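The next block holds one structure in the form of structure tokens; read it before the comments.
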Amino acid sequence: MKTVSVRSLRNTPGALWRSLKAAGTVALTANGVPKALVIGIEGEDLEAALAVVNRARAQLALTRLRAAAQAAGTDRLPAEEIAVEVRAVRRAR
């Protein structure tokens, strides 16, 4: 994947467009750390592209939640214990 630094973007914005045209997706970095993805949508519907990105982010969040539940062992809780936990949280609110 191509990368473009924030500094390069500020000083030579054309570098982003050239990289985007060549690769289709570019990682925007600050101090060498990826901070954002720039995705080319030329000829595509903006709303449809945004919906795809949002779906992918939701799937990633769900995968992380499942991994955390598995690591904590809470993925094996019986339904009764889950109901007890839910009631306790609701009472605390």
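Bear in mind that the values in this text are calculations on the coordinates, not laboratory data. Computed from a predicted model, the values in this text were never measured in an experiment. Every residue, glycine as well, gets a Cβ built from its backbone with ideal geometry; the counts of neighbours run over all protein chains shown.
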> For residue 59, are the conditions met, namely being within 30 Å of residue 21 (Cβ to Cβ) and out of contact with any helix residue (DSSP H, G or I) (no Cβ under 7 Å at 6 or more places or on another chain)?
Replying inline: yes
>> So if I check each of 87, 64, which one is closer than 30 Å to residue 3 by Cα and either basic (Lys, Arg) or exposed (fewer than 10 other Cβ atoms within 10 Å of the Cβ) (or both)?
In response: 64
> For region 1-76, which strands (runs of 3 or more DSSP E) that fit wholly inside it have 1 or more residues that are without any contact (Cβ under 8 Å) to a residue 24 or more places away in the chain and over 13 Å from the mean Cα position of the chain (by Cα)?
Replying inline: 33-39
>> I'm trying to understand the selection: among the residues of region 69-84, which are of a type in the set (Gly, Ala, Ser) and surrounded by 11 or more Cβ atoms within 10 Å (Cβ to Cβ)?
In response: 69, 83
